[in-house]
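Everything on this sheet refers to the single structure shown next.
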């Protein structure tokens with residue numbers, strides 16, 4: 001539950017969540033620049049992450065101390081375990097800390113995210129195979145988070161792939 005005292009505890013106005021290979025050098029950079037030029041304090045993780053590396057404590061903390069999370073859902077977002085772990089944490093903050101979550105469907109149909117079809121369905125199947133089946137707790141949490149964010153009102157780019 002949000003209270004007036006919790007709103008003063010936000011360190012960042014916006015946390016940007018995105019798949020670097022899809023949007024870092026274009027859309028995300030332009031969005032980040034526009035937000036910061038408007039005086040909005042934005043957290044953007046520009047570190048290159050090692051494969052298999054777990055989401056860092058400092059990144060989890062940055063999510064938790066951000067008032068708004070902008071999640072840029074792109075073609076390869078669901079192929080990244082890192083992005084999916086980040087999304088789970090963001091959706092948990094939405095429920096527990098009243099964090100505002102705004103999805104941006106970047107060249108992806110929101111219903112593909114919601115129902116894990118197309119690239120999202122293929123990515124989830126690969127995760128299930130790699131992690132030993134659909135009963136894996138991580139995969140179930142990722143699927144729930146994708147369904148939840150796919151049901152939120154957000155912004156969509158005009159052209160779907």
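Of the candidates 102, 71, 113, the single residue that is surrounded by fewer than 16 Cβ atoms within 10 Å (Cβ to Cβ) and touching a strand residue (DSSP E or B) at 6+ places or on another chain (Cβ under 9 Å) is 102. In the condition set (1) exposed (fewer than 14 other Cβ atoms within 10 Å of the Cβ); (2) out of contact with any helix residue (DSSP H, G or I) (no Cβ under 8 Å at 6 or more places or on another chain); (3) farther than 23 Å from residue 13 by Cβ, residue 151 is compliant with all but (2).
For the stretch 65-89, a residue qualifies if it is touching a helix residue (DSSP H, G or I) at 6+ places or on another chain (Cβ under 6 Å) and either assigned to a helix (DSSP H, G or I) or within 16 Å of residue 138 (Cα to Cα) (or both), and the qualifying residues are 77, 78, 79, 83, 84, 87, 88, 89. Given the condition in a helix (DSSP H, G or I), at pLDDT 95 or above and closer than 20 Å to residue 24 by Cβ, answer yes or no: does some residue in the stretch 98-114 qualify? Within the stretch 98-114 (the criterion being in a helix (DSSP H, G or I), at pLDDT 95 or above and closer than 20 Å to residue 24 by Cβ), the answer is yes, since at least one residue qualifies.
The values are calculated or read from the model by the stated rules, or taken from the named source; none is laboratory data. Just so you know, these numbers come straight off a predicted model, no measurement behind them. For neighbour counting, all protein chains shown are included, and Cβ atoms are generated from backbone atoms with ideal geometry for every residue, glycine included.
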